[in-house]
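Have a look at the structure below, then the notes.
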C-alpha cells in the first residue's frame, strides 16, 4: 500500500462551465496554465487520483472544448475547502468526512 498525499496550501479549484449551464469542479495542486490552451486545442483530459492511495485512479474525464464556455482555476486554502457549504436541497445533513477533499486532479490539453 502506498502512502497518502499530504495536502498543503495553496490548492486550486478547477472550474469548468458547459454550454448547458452545468459546472464541474476539481481540486488541483497547480494553477491552470492558460498558455497550454491553444486555438487548436480540442479536448481536456482531467485525471483524478485518490489522496489516500495515489496509485488508485479515481476518475478520468475527457471533455470536448466546444462544450466548455468557461474554464479557470482559483486559489483556495484547505480551510476554505473544508468549510464550504453545499447548496440547499442536495443533502440535508453533511458530515465532516464528506467535506474532506478525497481526490486531486491533473489536467492535460489535446
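Read-outs: derived from the displayed coordinates by stated rules, not from any lab. Fair warning: this is a prediction, and the values are worked out from it, not measured in the lab. So basically every Cβ, Gly included, is an ideal-geometry build from the backbone, and we count neighbours across all protein chains shown.
Were the residues from residue 68 through residue 23 laid out at 0.36 nm apart, the gain over their Cα-Cα distance would be 15.3 nm. Can you compute the label reach from residue 78? Point 7 Å from Cα along the Cβ direction, backbone N cut-off under 14 Å, restricted to the stretch 39-63. Hits in the stretch 39-63 for residue 78 at 14 Å: 51-52.
How much FRET efficiency would the formula 1/(1 + (r/R0)^6) give for residue 34 and residue 3, where r is the Cβ-Cβ distance and R0 is 35 Å, rounded to 0.05?
Numbers: r = 32 Å, r/R0 = 0.92.
With a Förster radius of 35 Å, E is 0.60.
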